[in-house]
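What follows draws every value from the coordinates through simple rules; no lab data is involved. Computed from a prediction, not measured in an experiment: that's the story for all the values here. Quick reminder, even Gly has a Cβ in these numbers, built from the backbone with ideal geometry, and neighbours come from all protein chains shown.
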Amino acid sequence: MTTAPDDAPYLPLDDPDFSVRGPEVAEAQARSWYARTPFGIAVLRHAEMGKLLLHPKLRQGSHAWPALNGVTGTFAEWWERTILVQEGADHARLRKLVNPAFAGRVLEEMRPRFEALATELVDAVEADGRCEFMRDFADPYASRILCMMLGLPHDEAPHLLELASDMGLGLSVSVREHVDRVDRATEGMFAYADALLEKRRGVTGTGFMSTLIAASEDADRLSRQELRDMILILILGGIDTTRNQLGLAISLLAEHPEQWSLLARRPDLARKAVEEVIRVRPTITWVTREAVEDFEVNGLHIAEGTTVHLLSVAAGTDPAVFDGGFDISADRKRHYGFGGGVHHCLGHAVARSDMTVAMTVLPPRLRNLRLAGEVEWLPDSGNTGPLRLPVAFDPPVARRAV
């Protein structure tokens, strides 16, 4: 067995200017299935990522993210309690209690409302022939869908969007720069969750929020604190992850106009388009694990306590598995944009559902989609996406008067 040798590739994952899609990653991937990083090792290939996502000697590693960045405070304390970082029986109990809220029936019932919202937002910009996509579509779409799911009036969406955007900086590689802003947003989220639970006291129903609250009345029920924590992770994931992934989808498809035109003609490809976007440009560019004891992989000794970053963006473009570039009609092997194993993304069905609706509604309406200015980005590592995404498209041809 060997420990990661000094001549193994090195990737500076802690550098906000480093891109996990850059040539350094492709070069490292060609040399080795892993690379050294400031946080431990990074796994770069599809086969090894699939293997390690299920490895019994690895636990969820993101619990250490605040500590790795020297961050303490409200966000760090909340993060340590969330379902995302729990293990064993605690994780299984929480997941069992909240899974019914994500049932396919609940999402299918909401799909017409998702479609109506997407249509409303496109109606507002189509005639202009241009828009700032994040402001005009991704932000209101993600935040208002979250309001639908929680049974909230849509005029509360801007406030939740602001909280989620600020709180989401806690998962970026630049978290140290924003820790005060992140903590204020987390405190604001808790205040909102408490007010929401007070409003919902005694309200019954079969919707998403009612199903979630019912989990606090189960025999193995969620505690009040667990319910509050769960509401925060739903708001954060439901808004910030969706808005980022939508922005990544549009920027990528604008770079591949033939794929956008195909999607306009073939709405049946919307679901495959979502999977292809997440394979190539996932908003969550890596998932993290931590070794709970020593073990060996492909001759590499991984010591207890080692952080293992599994680069979903590298695995999803591994040339040993995927070829043909970006193609929404291709049949692909599984990508790992939603992670895997017992920590497979809890909200993956929601993300796939609302993304598929957007990829059905937008292409036939925004014809000849193209970038129309400088795109402003979050760091292209960790959780990423556009902050500002100006696009242009052909407005509808006015009908001639008869």
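Compute the label zone of Lys199 within the range 236-269: residues whose backbone N is under 19 Å from the point 7 Å along Cα-to-Cβ.
Residues 236-240 fall inside that zone.
At a Förster distance of 30 Å, what's the computed FRET efficiency of Arg388 paired with Asp180, Cβ-Cβ distance as r, to 0.05?
With R0 = 30 Å, the Cβ-Cβ based efficiency is 0.80.
Tell me the label only: which of (i) 29.3, 104; (ii) 20.2, 61; (iii) 21.3, 81 is Rg and Dmax of the Cα atoms in Å as calculated from this structure?
Working out Rg and Dmax of the Cα atoms in Å from the coordinates points to (iii).
Would you list, by chain and number, the lysines whose Cα falls below 24 Å from the Cα of Lys96, excluding same-chain residues fewer than 8 positions away?
The reachable lysines, counting only those whose Cα sits under 24 Å from Lys96, are Lys57.
Would you mind telling me which residue in Leu94, Leu152, Leu232 has the biggest mean-square fluctuation in a Gaussian network model of the chain, where springs connect alpha carbons within a distance under 10 angstrom?
Looking only at Leu94, Leu152, Leu232, the biggest GNM fluctuation is shown by Leu152.
By what distance, in whole Å, do the Cα atoms of the range 1-63 stretch along each of the three principal axes, largest value first?
33, 28, 21
Counting only trypsin sites (Lys or Arg not before Pro) that sit in a DSSP loop (anything but H, G, I, E, B) with at most 12 other Cβ atoms within 10 Å, what is the longest stretch of the chain containing none of them? Present the calculation step by step, with values, prior to reporting the outcome.
Values: sites that count: Arg201, Lys333, Arg399, Arg400.
The longest uninterrupted stretch comes out as 1-200.
Could you work out the Rg to Rh ratio of the range 1-129, with Rh taken as the Kirkwood radius (inverse of the mean 1/r over all Cα pairs)? Each step should come with its number before you reach the end.
Numbers: Rg = 21.0 Å, Rh = 19.2 Å.
With Rh from the inverse mean 1/r over Cα pairs, Rg/Rh is 1.10.
Under a cut-off of 26 Å between alpha-carbon atoms, report the lysines in cross-link reach of Lys272, not counting same-chain residues fewer than 8 places apart.
Lys51, Lys333
Could you give the size of the charge dipole of the chain about its Cα centre, using +1 on the Cβ of each K and R and -1 on the Cβ of each D and E, expressed in debye and rounded to the nearest 20?
1300 debye
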